[in-house]
Amino acid sequence: MRIIRTTQALRTWRRRHDPLRTSIGVVPTMGALHAGHRSLIKRARRTCQTVVVSIFVNPLQFGPTEDYRRYPRDLSQDLACCREENVDLVFIPKVDTLYPHDFQTTVAVKSLAQRWEGEYRPTHFQGVTTIVTKLLNLVRPAHAFFGQKDYQQFCVIRQLVKDLDLDTRITLCPTIRDADGFALSSRNHYVTPSQRQRALALYQALSAGKAAIAGGMRRADLVEQKMAKVLDARHGLAIDYLACCDARTLEPLARLRGTVVLLGAIRIGGIRFIDNLIVRIRR
Ligand code: AMP
């Protein structure tokens, strides 16, 4: 497994890869790798001949009051994980490698990135789309893999790739959960058992929404009420949003039809949790 730390070395490596002979897949991560990341890497391994994983805690996607400094970092364990998954190349840049002192360009998607998470984290997606653009330009992969866990992020990146004519196919991979349904996340490292117990209500609320739709409920306001009721029963938990949206545009729906995504975000003791479920309505 090759480890590369500079953009120059990455470009040199890339130039040696003939796109007619080998397809490259990239899995962008912020490290502290868990089974969710592994599933993306495994998917890349199945699809592509060459698998690149990037590990970079991207300061640009953290707000000024967010957890950039305390975000979990464990490089030796991450490298062991990548070796186990037969990754070909790990890109581990330093902050000033990707953002030198004179860095001044950002890439921003408009309305899709401004709603839901964008309302609570106004600079977040701009940080994500800037780093993803840089990575896709450096690696020029045929495929890039993202988790449904961050569904809005996937939608924003899909829009970015389309709008800027980037020559990479974006693949959505399912959310990996613990046995009780709690979505895996690197941030779970600093969630206490009691916070985790309360946060599990988010998945339960989304599941209640999904079950209501399966039972024939088609009014979004009623489904949202059902979901909110599950969360309201828990103490010390604040709801940022709970919504039934069109899975492509992320616009809130009044009447449910087609492919719907149930999006939710809550806060417990200063930690935010997001989750979502996709529901396909046949008629
Ligand atoms: P992160 O390191 O949190 O930036 O995540 C890197 C990639 O892993 C993103 O595409 C995430 O959506 C994906 N990811 C994070 N958690 C999970 C999970 N539990 N299941 C599937 N993918 C995930």
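With label points built 7 Å along Cα→Cβ from the Cα atoms of Asp221 and Ile281, find their separation and express it in nm.
1.5 nm
Over all directions, the average projected area of the alpha-carbon convex hull for the chain comes to how many nm²?
So the mean shadow area of the Cα hull is 15.4 nm².
Around Asp74, which amide H atoms from residues at least 5 apart in sequence, or from another chain, sit under 5 Å from its own amide H, with H modelled in the peptide plane?
Long-range HN contacts for Asp74: Ala32.
Output the peptides 135-147, 181-193 sorted from most to least packed, where packing is the average of other Cβ atoms within 10 Å over each peptide's residues. Intermediate results must be reported in sequence, preceding the final value.
Working: 135-147: 21.3, 181-193: 16.0.
Ranking, from highest mean packing down: 135-147, 181-193.
Once all Cα-Cα distances of region 114-251 are split into 10 Å bins that start at 0, what whole-number percent is in each one?
Reading the bins upward from 0: 10, 33, 35, 18, 4.
Roughly what % of Cα-Cα distances in region 147-223 sit above 16 Å, to the whole percent? List each step's numbers first, then the result.
On the way: 1906 of 2926 pairs.
Across region 147-223, Cα pairs with separations above 16 Å total 65 percent.
Please rank Asp150, Asp67, Asp221, fewest neighbouring Cβ atoms within 10 Å first, as an exposure proxy.
Ascending Cβ contact count within 10 Å gives the list Asp221, Asp67, Asp150.
If you place +1 on the Cβ of every Lys and Arg, -1 on the Cβ of every Asp and Glu, and leave all else neutral, what size is the dipole of region 132-201 about its Cα centre, to the nearest 20 Debye?
About 120 debye.
Report, by chain and number, residues whose modeled amide H sits under 5 Å from the one on Ile3, excluding near sequence neighbours (fewer than 5 apart, same chain).
Sorted by chain and number, the residues that satisfy this are Val90.
Under the Karplus relation 6.51 cos²θ - 1.76 cosθ + 1.60, θ = phi - 60°, what is the ordered set of whole-Hz ³J(HN,Hα) values for region 256-273, x standing for Gly and Pro?
Going residue by residue, I get 8, 7, x, 9, 10, 10, 8, 10, x, 9, 10, 10, 9, x, x, 9, 9, 10 Hz, with x marking Gly and Pro.
Using the Cα centre of the chain as the reference point, and only Cβ charges (+1 on K/R, -1 on D/E), how large is the resulting charge dipole? Debye, rounded to the nearest 20. List each step's numbers first, then the result.
On the way: 44 positive and 25 negative charges, 151 e Å.
Rounded to the nearest 20 debye, it is 720 debye.
Got a sec? How would Met217, Met1 order by Cβ neighbour count within 10 Å, fewest to most?
Met1, Met217
Distance between the C-alpha centers of region 76-126 and region 46-63? Whole Å please.
7 Å
Along Cα→Cβ, 7 Å out, is where each label goes; now give me the distance between the ones at Ala228 and Lys110 in nm to one decimal.
3.1 nm
Under a 5 Å amide H to amide H cut-off, with H placed in plane at 1.01 Å, what residues pair with Gly147 once short-range neighbours are removed?
Cys173
Based on the mean of other beta carbon atoms within 10 Å per residue, what is the order of 15-25, 76-86, most packed first?
In decreasing order of mean packing, 15-25, 76-86 become 76-86, 15-25.
When DSSP assigns beta bridges and you keep just the ones with both residues in the chain, what percent turn out antiparallel, to the nearest 5?
50 percent
Give, rounded to the nearest 20 debye, the magnitude of the charge dipole that region 5-87 has about its Cα centre when Lys and Arg contribute +1 at Cβ and Asp and Glu contribute -1 at Cβ. All intermediate terms of the calculation are to be shown ahead of the outcome.
Numbers: 15 positive and 7 negative charges, 79 e Å.
Dipole of region 5-87, to the nearest 20 debye: 380 debye.
Treat the count of other C-beta atoms within 10 Å as a stand-in for reagent exposure and order Lys229, Lys42 from fewest to most.
Least crowded to most crowded, the residues run Lys229, Lys42.
What pairs from Lys42/Lys229; Lys134/Lys210; Lys110/Lys210; Lys134/Lys229 go past 31 Å between their alpha carbons?
From Lys42/Lys229; Lys134/Lys210; Lys110/Lys210; Lys134/Lys229, over 31 Å: Lys42/Lys229; Lys134/Lys210; Lys134/Lys229.
Readers should treat all values here as calculations from the given coordinates under stated rules, not as data from a laboratory. As the structure is a prediction and not an experimental result, all values here were calculated from the model. FYI the Cβ positions are ideal-geometry reconstructions off the backbone, even for glycines, and counts take in every protein chain you see.
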